[in-house]
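In what follows, a single structure is set out as structure tokens and then discussed.
The values are calculated or read from the model by the stated rules, or taken from the named source; none is laboratory data. In this text, all values refer to a predicted model and were calculated from it rather than measured experimentally. So basically every Cβ, Gly included, is an ideal-geometry build from the backbone, and we count neighbours across all protein chains shown.
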Amino acid sequence: MTTGASSHRRVAREARPAVFLDRDGVLVRAEVREGKSYAPRRLEDFRLLPGVGEAVRSLHTAGFLTIVVTNQPDVGNGFVGADVIAAMHEILRKKLPLDAIEVCPHRAADNCDCRKPKAGMLIAAARRFLVDFSASFMVGDRCSDVVAGQSVGCYTLFVDRGYDRCTEVKPDAVVKTLRQAVQHILSRTGPLGKSSTK
């Protein structure tokens, strides 16, 4: 009986693979103005991109933790209220099987530890969920997402939307949509997110 209980505790604490997902431009339609992307500031402009629901559900079914990691400097800059961001994320939780949403509300000038390209949000989530970074993935549409993922040892997928060429670092894969990213992730992994090629 004691042996079984110890075994159960070991299984319960086994590290898990995760897919870290940027929000704007990956899950949600970003606003592109003069070649630059911006997060939506109004709740009525907050819309999921096509195929996102199916893609995230596929990851969840495959055994991955699905964790959003998003910079939202418009909060720190006073352009968007924290209550609006909370309402947006409540929509995400209702529509997508997400395990967590990590938010950095700070301005770039604040020099915090959570704003990507720093990996603070990924590390915070990994501590809570006991994430195995070496079996995990980071999906984003900016070079800062790639840098954050690489800094903790994740396989990185860059969603090329045309507004960030990501020339500073080289992602492990380049895709056009989250759906393509998920197809690539699942092609590299076996049951429960266990990688066969990493």
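Odds and ends about this structure:
- Verdict on LEU98 being of a type outside the set (Val, Ile, Thr), closer than 21 Å to HIS184 by Cα and either touching a Gly at 6+ places or on another chain (Cβ under 7 Å) or assigned to a strand (DSSP E or B) (or both): no
- The range 130-183, subset of a type in the set (Ser, Thr, Tyr) and in contact with an Asp or Glu (Cβ under 6 Å, 6 or more places away or on another chain), residue farthest from ASN71 (Cα to Cα): TYR155
- Residue list for the range 170-198, filter: among the β-branched types (Val, Ile, Thr), at pLDDT 95 or above and not in a helix (DSSP H, G or I): VAL174, VAL175, THR177
- Counting only residues that are aliphatic (A, V, I, L, M), surrounded by 13 or more Cβ atoms within 10 Å (Cβ to Cβ) and outside any strand (DSSP E or B), the range 11-38 holds 4 of them.
Condition check ((1) more than 28 Å from PRO105 (Cβ to Cβ); (2) surrounded by 18 or more Cβ atoms within 10 Å (Cβ to Cβ); (3) without any contact (Cβ under 8 Å) to a residue 40 or more places away in the chain) across all residues:
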{"position": "ALA124", "(1), (2), (3)": "no, no, yes"}
{"position": "ARG127", "(1), (2), (3)": "no, no, yes"}
{"position": "GLY140", "(1), (2), (3)": "no, yes, no"}
{"position": "VAL147", "(1), (2), (3)": "no, yes, yes"}
{"position": "PRO171", "(1), (2), (3)": "no, yes, yes"}
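- Test result for ALA119, of a type outside the set (Ser, Thr, Tyr), surrounded by 15 or more Cβ atoms within 10 Å (Cβ to Cβ), at pLDDT 95 or above and in contact with a strand residue (DSSP E or B) (Cβ under 8 Å, 6 or more places away or on another chain): no
Residue-by-condition table, conditions (1) in contact (Cβ under 8 Å) with a residue 60 or more places away in the chain; (2) not in a helix (DSSP H, G or I):
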site	(1), (2)
PRO40	no, yes
GLU44	no, no
GLU54	yes, no
VAL68	no, yes
ASP74	no, no
GLY78	no, yes
ILE85	no, no
ILE91	no, no
LYS94	no, no
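- Of residues in the range 59-75 being out of contact with any Gly (no Cβ under 7 Å at 6 or more places or on another chain) and surrounded by fewer than 18 Cβ atoms within 10 Å (Cβ to Cβ), the one farthest from LEU96 (Cα to Cα): PRO73
- Any chance GLY153 is at pLDDT 95 or above, in a loop (DSSP other than H, G, I, E, B) and not β-branched (Val, Ile, Thr): yes
A quick yes/no check of all residues on (1) basic (Lys, Arg); (2) closer than 20 Å to ASP145 by Cα; (3) at pLDDT 95 or above; (4) touching a strand residue (DSSP E or B) at 6+ places or on another chain (Cβ under 6 Å):
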residue: ARG9; (1), (2), (3), (4): yes, no, no, no
residue: LEU21; (1), (2), (3), (4): no, yes, yes, yes
residue: PHE46; (1), (2), (3), (4): no, no, yes, no
residue: VAL52; (1), (2), (3), (4): no, yes, yes, no
residue: SER58; (1), (2), (3), (4): no, no, yes, no
residue: ILE67; (1), (2), (3), (4): no, yes, yes, yes
residue: ASN71; (1), (2), (3), (4): no, yes, yes, yes
residue: LYS94; (1), (2), (3), (4): yes, no, yes, no
residue: ALA100; (1), (2), (3), (4): no, yes, yes, yes
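- Residue pairs whose Cβ atoms lie under 6 Å apart, sitting 6 or more positions apart in sequence or on different chains, and linking a residue in the range 100-122 that is over 19 Å from PHE133 (Cβ atoms) and in contact (Cβ under 8 Å) with a residue 24 or more places away in the chain to a partner that is of a type in the set (Lys, Arg) and in a loop (DSSP other than H, G, I, E, B), are HIS106/ARG115.
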